[in-house]
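Shown next, in structure tokens, is the structure this report addresses.
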Amino acid sequence: MLLGYVGLRQTVPIVPPLLSDLARVRKRVTEVTRCPLAEEVGFEPTVPVDTAVFETARFGRSRTPPSNSLQRRLAGTLGGETPLRDHLRFDFMGKTDDDELFMRTALDLAVVAATHDEVPVGCVLVEHGVVIGVGENRRERDHDPTAHAEMVALRDAALSRSTWRMESVTAYVTLEPCVMCAGALLNARVERVVIGALDEKAGAVGSRYNLLSDPRLLHEASITYGVLADESSELLQSFFQERRPT
């Protein structure tokens, strides 16, 4: 036991906490009370683990899509009440004749990123058939953690516009956007997003989260998956294989 002093006056004894007490303080496990109604609209975690992690991660999860979402509308056309996760790979809008053309432009930008030792991701923004913004991953070159391809393309397009709104714009992205980029596309009110390869680890447009098809948010975008998906995946795989040999 340690004694503290102020001048010559003895103060209240200071007792160091036991290690077991510290461990008990650090360990925070919260039992999640599951609510079927809340889970139906996506607020409750659908992974059967009662831990504090899901207290912070449960909002906006795409495992159980909201009843008004594009996922559920798609499920109705497929003859089921609750869509399977694989249904996320279907087109919500369908491909157009120009989709491959603009996606190849995005792939060319991704190749440029790879030559600068950047993760090869490219993005092209198109309005009424005209390219208004382009971008490739530039995090390493710009020393900017937000310089993903979508962010760079949005900034590029904004320079030539009189408004931040992009309500008639289609975004072509070689890799499924992350949470940051999906949020930026949502805030820009982008009308449609065309995706090449899916990102099972960090994708926020169906794989891990579903920010662009959530009616609780301010905007919903039409989504098309799988345009030149093989080419996009091969480019990413070759990039990482060269730098992370097995």
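Worth a mention:
- At most 15 other Cβ within 10 Å, DSSP loop - GluC sites (Glu not before Pro), region 132-178: Glu167
- Coil-residue chymotrypsin sites (Phe, Trp or Tyr not before Pro) of region 143-211, DSSP, other Cβ within 10 Å capped at 16: Trp164
- Volume per residue of the convex hull around the Cα atoms, evaluated for region 113-246, comes out as 108 Å³.
- Local charge for His128 was computed over the other residues whose Cβ lies under 14 Å away, with Lys and Arg +1 and Asp and Glu -1, and equals -2.
- Label point distance in nm, Thr115-Glu167, each placed 7 Å from Cα along Cα→Cβ: 4.0
- Average accessible surface for region 141-246: 46 Å² per residue, computed with a 1.4 Å probe over protein heavy atoms with every protein chain in place.
- Carbon/sulfur fraction of accessible area - region 112-246, other protein chains in place, 1.4 Å, %: 52
- Each Lys or Arg adds one and each Asp or Glu subtracts one; over the other residues with Cβ under 9 Å from the Cβ of Glu167, this totals +1.
- Near-label residues of region 162-206 by backbone N, under 12 Å of a point 7 Å along Cα→Cβ of Phe240: 198-203
- Loop-resident sites, region 191-222, for GluC sites (Glu not before Pro), counting at most 14 other Cβ within 10 Å (DSSP): Glu200
The values are calculated or read from the model by the stated rules, or taken from the named source; none is laboratory data. No experiment lies behind these values; they were computed from the predicted model shown. In this analysis, Cβ positions are derived from the backbone assuming ideal geometry, glycine residues included, and neighbour counts consider all displayed protein chains. Quick note on the areas: whole protein, heavy atoms, side chains included, nothing else; ligands and nucleic acids left out. Shrake-Rupley method; radii C 1.70, N 1.55, O 1.52, S 1.80 Å.
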